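First comes the structure, then the notes that go with it.
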Amino acid sequence: MKSIHTLIAGAVLLALAAPLALAQDGAKKKLYCWDEGGRKVCGDALPANAVDSARTEISAKSGLATARVERAQTAEERAAAEQAARDARSAAMKAEAQKRRDHAMAESYATEEDLRKSFQERIVLLDETVKASQLGIEGRRQTVLALLRKAGEAELNGKPVGSGLAENIRGQHDELLHQQEVLKQQLVERGLADQDLATALDRYNALKAKNAGG
């Protein structure tokens, strides 16, 4: 008799549990909607060709959207995102480094004049370098002119211009062009020194004003 009662009780429990399990499965069941060839397609399973597509997930029980999944990025998009992240990290590191430099500058120079003096050493050195290059260029130009006059006189006198003289002229001229390019770069650096000083003064005064106000 006990066995019969046990079987009956088990059957009742199974009968009660079945609808509950079905209800839980229904609550978990999802529908998917995605775009395919310009058309909106929905289904209770996501096909392989739609796995990387943007889609909306909908509860089969409530009919309400439960999630929005964006499409998978292409290799180019992932690379661009990674580069953007690297750039952001680099910018953050530069900003932090600039903050440390600003703090050091504010602590190192008691007055604006002290800051100017520290830059002046660099500016004087650049001025001397530019002056030396200008003198070297002028000397090289005179050398080239002297060699050209020598070659011209030889031609006027009906004499051939020797290969040694011609080679010397070419070499001196090439060196003159090189020195002129070097001077151009030095002048650029000299101009940047003035800009750096102006920027440093602006930051210095801003930091001093901020510290005074704080």
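The values are calculated or read from the model by the stated rules, or taken from the named source; none is laboratory data. For clarity, every value in this text was computed on a predicted model and none was experimentally measured. Backbone-built Cβ (ideal geometry, glycine too); neighbour counts: all protein chains shown. Quick note on the areas: whole protein, heavy atoms, side chains included, nothing else; ligands and nucleic acids left out. Shrake-Rupley method; radii C 1.70, N 1.55, O 1.52, S 1.80 Å.
Listed by chain and number, the lysines whose alpha-carbon sits under 21 Å from that of Lys29, ignoring those within fewer than 8 places in the same chain, are Lys40, Lys61. Here, the stretch 113-214 has an Rg and a Dmax of 23.5, 85 Å when only alpha carbons are counted. Mind putting a number on the dipole of the stretch 55-199 about its Cα centre? Charges go on the C-beta only, +1 for Lys and Arg and -1 for Asp and Glu, and I need it in Debye to the nearest 20. Roughly 520 debye, rounded to the nearest 20. Calculate the length of the line joining the C-alpha centroid of the stretch 27-90 to that of the stretch 114-134, in whole Å. Computed from Cα coordinates, the inter-centre distance equals 61 Å. Shown for the stretch 66-214: the carbon plus sulfur share of the solvent-accessible area, taken with all protein chains present and a 1.4 angstrom probe, equals 55%.
In this structure, the residue pairs whose Cα-Cα separation is over 30 Å, taken from Lys131/Lys159; Lys184/Lys208; Lys94/Lys131; Lys94/Lys208, are Lys131/Lys159; Lys184/Lys208; Lys94/Lys131.
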